[in-house]
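I have placed the structure first, in the form of structure tokens, so that the comments after it can refer back to it.
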């Protein structure tokens, strides 16, 4: 069946909800950690913990870890866009502005995802998908609201975050166009391990500071633990699972809820105050998700790449 009649199964919907919560809350948490740790040092520790944890899970479940012959080039390409570029661009971009607004710019990813889905994967352009994109973009613009001028005063941060969104969209298209036949856990672990190398060199060459989490005070320390366990291991695994089991335009638009969580968690954790634009954006984004994910009669499962299932 075509991608336009795709109805996400309950397992994918559950992962989407947990992913939105896990990554949304992480935006203000990242800012807390980086008050005491350099950005690339921070990402090195998260990637190292993530790779170790994912490979341990794969080994415990007796999942294949060896990369299939002939797929190293595509694995490296996916890693560069999905993990290396995203981690560097986003982690520096968020230092230039409030965490919620930074998340909005980073998650312009759905717009690029739909365009790449049409261009690279030949996914159909439907009225509901276009409506969802329009509603989602309107939600993001409303949420920016009076922050538009702030973005104008921080062109470097804005450009870094938009570039991170494009990078993420490119990696998702590559994953679906040229899949790597590995279980989701091993696939994600390899990406984090490979991305660790250039980011470690960057941290050593361009930043000062310690890699030791023991130098951090209480909240930055627990923020680092959250990033290592929840954001780096679970959320990255969940995203790869979603991206390889659903059409790119559906998985892309579904992530529109993450910046909404980021904005409201920033209010809770960093003391920001809700505005009418926050609530208006939330309504628009929920409407976008409802349009894209609503079941359609006569729907059938699309023929999408499916790596080996987890037990």
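The values are calculated or read from the model by the stated rules, or taken from the named source; none is laboratory data. Note that the structure is predicted; figures quoted are calculated from it, not measured. Heads up, the Cβs are rebuilt from the backbone with ideal geometry, glycines too, and the neighbour counts pull from every protein chain shown.
Scanning segment 26-38 turns up at least one residue that is in a helix (DSSP H, G or I) and within 13 Å of the chain's Cα centre (by Cα).
Which count do you get for residues in segment 109-131 that are within 20 Å of residue 243 (Cα to Cα) and surrounded by fewer than 21 Cβ atoms within 10 Å (Cβ to Cβ)? Selection size over segment 109-131: 13.
Going by the conditions given, is residue 244 within 23 Å of residue 119 (Cβ to Cβ) and at pLDDT below 90? Here the answer is yes, as residue 244 does meet what is asked. Within segment 199-226, the set of residues being in contact with a helix residue (DSSP H, G or I) (Cβ under 6 Å, 6 or more places away or on another chain), part of a helix (DSSP H, G or I) and loosely packed, with under 15 Cβ neighbours inside 10 Å comprises just one member, 219. Screening residue 46 with (1) surrounded by fewer than 16 Cβ atoms within 10 Å (Cβ to Cβ); (2) assigned to a helix (DSSP H, G or I); (3) at pLDDT 75 or above gives one miss only, at (1). Listed conditions (1) over 23 Å from residue 28 (Cβ atoms); (2) modelled with pLDDT of 70 or more; (3) part of a helix (DSSP H, G or I) are all met by residue 269, apart from (1). So which of 161, 194, 182, 229 ends up being crowded, with 23+ Cβ neighbours inside 10 Å, in a helix (DSSP H, G or I) and either free of Cβ contacts under 8 Å to residues at least 24 places away in the same chain or in contact with a helix residue (DSSP H, G or I) (Cβ under 8 Å, 6 or more places away or on another chain) (or both)? Of 161, 194, 182, 229, the one residue that is crowded, with 23+ Cβ neighbours inside 10 Å, in a helix (DSSP H, G or I) and either free of Cβ contacts under 8 Å to residues at least 24 places away in the same chain or in contact with a helix residue (DSSP H, G or I) (Cβ under 8 Å, 6 or more places away or on another chain) (or both) is 161.
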